[in-house]
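The values are calculated or read from the model by the stated rules, or taken from the named source; none is laboratory data. On a predicted model such as this, the values are computed, not experimentally measured, just so you know. Cβ sites come from the backbone with ideal geometry, for glycine too, and all protein chains shown count toward neighbours.
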Amino acid sequence: MLVISGLPGPMQRPRLRVYAGNATATAPPLLTLKFVKQHRLAAGGLQQLVDSVRGPQQAQQAWELVALLASRPLPAHTAHVVAHTAVQLVNLSLSKGDYSILHALLAQRPRPFAFGRRSLESLLRAVLAADVEPGELQAVIRLAPGGALGARAFFALVRSFEARGRAAEALRCFQQMQVLGLRLSPAMEETFQRLRDGRAPASRHALAAHR
């Protein structure tokens with residue numbers, strides 16, 4: 001059993017502690033993962049954890065807790081909840097100009113998080129908005145198992161690479177879409193053809209129409 005205590009209540013300051021093993025009288029549980037049931041309780045408690053973050057130190061504490069949970073043998077649903085919480089923490093930190101949680105996520109070996117498609121696309125949008133380095137962007141893409149990212153997510157990558165003048169990376173995104181069997185919209189086909197022909201990007205107005 002894994003017991004997480006210290007999640008903030010109405011009159012409590014956030015305190016994060018992890019107890020492995022049986023709960024004791026000195027470690028009152030506010031959230032318990034029994035690895036079989038109580039998925040809703042887990043989701044609610046982890047959302048409280050995210051909501052309690054007020055600064056980089058709390059974000060780091062919350063991340064350490066979520067990473068520990070991800071390393072445990074969890075049921076599939078709970079594992080997705082934990083992965084979604086990790087994405088929320090990364091997105092929250094990036095919105096405040098803090099890249100440390102993203103770097104911690106990308107440094108995980110082996111990768112313990114069971115990311116779903118929506119979580120990955122949410123992470124990708126946040127990373128694109130934060131204008132991270134190309135290598136970090138590629139590392140985020142590699143987090144996704146085959147088929148986890150949809151055509152729209154890949155097209156967002158294409159637009160980002162094209163805006164940076166990195167046509168080769170944009171073409172590789174299209175090639176990956178073809179490998180995965182993703183269907184291209186007419187706007188995507190037009191962009192793909194332009195990139196293959198080496199033509200200049202469309203106007204900003206035309207690119208906006210593709211979205």
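Out of region 121-134, which residues are at pLDDT 80 or above and assigned to a helix (DSSP H, G or I)?
Residues satisfying the conditions are Glu121, Ser122, Leu123, Leu124, Arg125, Ala126, Val127, Leu128, Ala129, Ala130.
For region 91-110, give me each residue that is surrounded by 14 or more Cβ atoms within 10 Å (Cβ to Cβ), assigned to a loop (DSSP other than H, G, I, E, B) and of a type outside the set (S, T, N, Q).
Hits for region 91-110 are Asp98, Tyr99.
If I ask for residues that are of a type outside the set (A, V, I, L, M, F, W, C) and surrounded by 18 or more Cβ atoms within 10 Å (Cβ to Cβ), which ones from region 62-90 would you list?
Those that are of a type outside the set (A, V, I, L, M, F, W, C) and surrounded by 18 or more Cβ atoms within 10 Å (Cβ to Cβ): Thr78, His80, His84, Thr85, Gln88.
Could you figure out which of (1) surrounded by fewer than 16 Cβ atoms within 10 Å (Cβ to Cβ); (2) in the same structural domain as His103 (by TED's automatic domain parsing) isn't true of Ala130?
All conditions pass for Ala130, except number (1).
With the checklist (1) over 13 Å from the mean Cα position of the chain (by Cα); (2) farther than 23 Å from Leu195 by Cα; (3) of a type in the set (A, V, I, L, M, F, W, C) in hand, flag the one item Ala163 doesn't pass.
Condition (2) is where Ala163 drops out.
Consider only pairs whose beta carbons are under 6 Å apart and that are at least six residues apart or on different chains; among these, list those whose first residue lies in region 161-189 and is modelled with pLDDT of 80 or more and whose second residue is part of a loop (DSSP other than H, G, I, E, B).
Listed by first residue and then by second, the contacts come to Glu162/Pro201.
Please determine whether any residue of region 178-186 is surrounded by 20 or more Cβ atoms within 10 Å (Cβ to Cβ) and either farther than 25 Å from Asp98 by Cβ or under 22 Å from the mean Cα position of the chain (by Cα) (or both).
Narrowing region 178-186 to residues surrounded by 20 or more Cβ atoms within 10 Å (Cβ to Cβ): none.
Looking through region 178-186, none of the residues is surrounded by 20 or more Cβ atoms within 10 Å (Cβ to Cβ) and either farther than 25 Å from Asp98 by Cβ or under 22 Å from the mean Cα position of the chain (by Cα) (or both).
Please pick out the residue among Ala107, Ala70 that is in contact (Cβ under 8 Å) with a residue 12 or more places away in the chain and of a type outside the set (Val, Ile, Thr). Step through it out loud before you land on a result.
Details: Ala107 fails: in contact (Cβ under 8 Å) with a residue 12 or more places away in the chain.
Answer to the selection: Ala70.
Check off (1) within 27 Å of Ala79 (Cα to Cα); (2) in a loop (DSSP other than H, G, I, E, B) for Ala139 and give me the number that stays unchecked.
(2)
When you look at Leu149, is it part of a loop (DSSP other than H, G, I, E, B), aliphatic (A, V, I, L, M) and crowded, with 18+ Cβ neighbours inside 10 Å, yes or no?
yes
Can you pull out every residue in region 47-61 that is assigned to a loop (DSSP other than H, G, I, E, B) and either surrounded by fewer than 18 Cβ atoms within 10 Å (Cβ to Cβ) or not assigned by TED's automatic domain parsing to the domain that holds Ile101 (or both)?
The answer is Arg54, Gly55.
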